[in-house]
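The values are calculated or read from the model by the stated rules, or taken from the named source; none is laboratory data. These numbers come from a predicted model, not from an experiment. Cβ placement follows ideal geometry from the backbone for every residue including glycine, while neighbour counts extend to all protein chains displayed.
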Amino acid sequence: MKTRTFTLKKIALAMMIAAGTMTSVYAAVTGSTDTIRGEIPVLKSAGGGAHSVDFTASDPVNLKTGDTITMTYKYTDTDGDTDDSNTTVQWYYVPGNGTGTPVAITGATNSLASGTDGSGSGTSAIIVPDGAVGAKIKAIITEQSLTGDRRTGHTITYNDVGTAGTFGTGPDGEPGGNTDGSTDVPVGPVAPGTGLIPKIILAGDVTNTNLIGSGTKLKVGSTYQFKLFASDGTTDLTGTVNYKWKLTGTSATTATAAPATLFNPDANFLVPTNTSGKVISGSDDGVQGFGLLVDYVQKP
């Protein structure tokens, strides 16, 4: 019996080679796309307004030094990136009822919001410093996440935390606008609170010796000066208040009671002799026998 032999045709060989070549092409890797980007984080007020926060004051009637002001916000991030917003908070007091150069307030107490669905609240709280007498309180916060891309959203600014604020444009050109968060902080300026140090001193006394309650007798013909210092005893706040002088007690011999009237606004007091003093006291003693106090209030 003859043994059959097979001849591999050229065309079949070519097809087999082509098949091997096609397998090699399918194993190639494509080029990369651009990076994956999430959504910006968003801060909301308790009422649900986006790009807004809320403020509360320890005294909602009279804003003064020593009061606590607290910023509160709800945090949302649809990508699941956690809150990092309160690391961006900046607090200031702005002298001159909001017209001067802002001064940074340090020592804020911060807490981040838990969760990313708006169920947790972030906070930042400050104590109004002594130097803020006559100023407005300003706050700035930027929406920010700890991870992800985009990490930052809008920057929210309150030039007076007792009124509505604004938020700027977003990182992709999202429009800015007005905030709608709530506040019970009284509109500035800040009034003097506890801890301030008022002084009545002899004009020219470089030691600034305080004559209030000192037992030192004042003298006719001498000039006395009012000074108001912060609790550190050195920061001069006199320029932040308006003040007037008042007599106290009774006169030396006629026992005339000190009148309720105030005098000599925002100026040193030269103790007058009897004739001029009687215009103030109504007593023939002039101002002899009386004490002095100063009535002061923050400038409007």
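One line per residue, one yes/no per condition, for (1) surrounded by fewer than 12 Cβ atoms within 10 Å (Cβ to Cβ); (2) in contact (Cβ under 8 Å) with a residue 12 or more places away in the chain; (3) not acidic (Asp, Glu):
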| residue | (1), (2), (3) |
| --- | --- |
| Leu218 | no, yes, yes |
| Thr234 | yes, no, yes |
| Val241 | no, yes, yes |
| Trp245 | no, yes, yes |
| Thr250 | no, yes, yes |
| Thr253 | yes, yes, yes |
| Ala258 | no, yes, yes |
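Considering Ala135, Ala125, Ala113, which residue is touching a residue at least 24 places away in the same chain (Cβ under 8 Å) and in contact with a helix residue (DSSP H, G or I) (Cβ under 7 Å, 6 or more places away or on another chain)? Selected residue: Ala135, the only one of Ala135, Ala125, Ala113 that is touching a residue at least 24 places away in the same chain (Cβ under 8 Å) and in contact with a helix residue (DSSP H, G or I) (Cβ under 7 Å, 6 or more places away or on another chain).
Restricting the stretch 283-300 to residues that are of a type outside the set (Asp, Glu) and out of contact with any strand residue (DSSP E or B) (no Cβ under 9 Å at 6 or more places or on another chain) leaves a set whose member that is nearest to Ala252 (Cα to Cα) is Gln288. Looking at this structure, is Gly221 within 15 Å of Phe269 (Cβ to Cβ), outside any strand (DSSP E or B) and not assigned by TED's automatic domain parsing to the domain that holds Asp59? Here the answer is yes, as Gly221 does meet what is asked. Flag: Val94 matches the condition of being modelled with pLDDT of 95 or more, of a type in the set (A, V, I, L, M) and farther than 18 Å from Gly66 by Cβ.
The residues of the stretch 151-189 that are outside any loop (DSSP other than H, G, I, E, B) and of a type in the set (Gly, Ala, Ser), listed by number, are Gly153, Gly177. Within the stretch 139-154, residues that are outside the structural domain of Thr68 (by TED's automatic domain parsing) and without any contact (Cβ under 8 Å) to a residue 24 or more places away in the chain have Cβ atoms under 8 Å from residues that are assigned to a strand (DSSP E or B) and aromatic (Phe, Trp, Tyr) in no pair, counting only partners at least 6 apart in sequence or on another chain. Among the criteria (1) crowded, with 17+ Cβ neighbours inside 10 Å; (2) within 14 Å of the chain's Cα centre (by Cα), the one Thr106 does not fulfil is (1). Taking the criterion of being under 23 Å from Gly134 (Cβ atoms) and either under 33 Å from the mean Cα position of the chain (by Cα) or not in a strand (DSSP E or B) (or both), the residues of the stretch 192-218 that qualify are Pro192, Gly193, Thr194, Gly195, Leu196, Ile197, Pro198, Lys199, Ile200, Asn208, Asn210, Ile212. Could you list all residues from the stretch 99-127 that are under 21 Å from Ser58 (Cα atoms) and touching a Lys or Arg at 6+ places or on another chain (Cβ under 7 Å)? Scanning the stretch 99-127 gives a single hit, Ser121.
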